[in-house]
Amino acid sequence: MFTRTELEVKSLRGLRDLCLIQYGIQAIGNPADKASYINALLTFPVIACKQVSENKGLKTPMLSQVQALEATLEAMGTPTPEQSALLKMTMEGRKLEYPARYSQEKLFGLYRVKWHIDTALEILRML
């Protein structure tokens, strides 16, 4: 991440901005001391990794929750050939006239939801 030398050459304001604005972390100790910000910037990656191993904060869903996503994906079905053609047309930026556009937008929204759930499940399977 950062080296101590790389951080020591920064100003107090630069370190404060890096901590608070860029990464959203607090100084460790006195906020008027550069070392407090340097220590925070050097240690936060280690702390974050330890929290992952302790199942703190963001964590992997339980198997039953993943299975619920799989069931949702299955329940959504697959587009018909006509729906697939309309989806392709939609992705080309072509829009139907109202009131058919409402159905077109609904279909495209469902497609996007299905795609995102499928992508999420692929990522979860890699964990």
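Some values worked out for this structure:
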{"quantity": "Set of region 40-81 residues, backbone N closer than 17 Å to the point 7 Å along the Cα-Cβ line of ILE25", "calculated": "40-54, 56-58"}
{"quantity": "Within the chain, helix-based [θ] at 222 nm, where runs of 4 or more DSSP H residues each add -39,500 (n - 2.57), nearest 500", "calculated": "-21000 deg cm²/dmol"}
{"quantity": "Close Lys-Lys pairs in the chain, where close means Cα under 22 Å and separation is 8 or more or interchain", "calculated": "7"}
{"quantity": "Furthest towards positive pole of dipole, ALA48, MET89, THR119, structure part the chain, Cβ charges", "calculated": "ALA48"}
{"quantity": "Nearest-20 debye value, the chain charge dipole, Cβ charges on Lys, Arg, Asp, Glu", "calculated": "300 debye"}
{"quantity": "Sequence ranges 6-17, 55-66, ranked by mean other-Cβ count within 10 angstrom, highest first", "calculated": "6-17, 55-66"}
{"quantity": "Region 109-125 versus region 62-89: alpha-carbon centroid distance in Å", "calculated": "8 Å"}
{"quantity": "Cα→Cβ-extended label distance, 7 Å offset, between MET62 and GLU105, nm", "calculated": "3.8 nm"}
{"quantity": "Semi-axis lengths (Å, descending) of the ellipsoid that matches the C-alpha gyration tensor of the chain", "calculated": "48, 22, 11"}
{"quantity": "Angle in degrees between helix 100-126 and the longest Cα principal axis of the chain, rounded to the nearest 10", "calculated": "50 degrees"}
{"quantity": "Dipole of region 22-81, positive end: most advanced residue of LEU58, THR78, ILE38 [Cβ charges, Cα centre]", "calculated": "ILE38"}
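We did not get these values from a lab; they are worked out from the coordinates using the rules stated. Everything numeric here is computed off the predicted structure, so don't read it as measured data. Here Cβ is always computed from backbone atoms with ideal geometry, including for glycine, and neighbour counts include all displayed protein chains.
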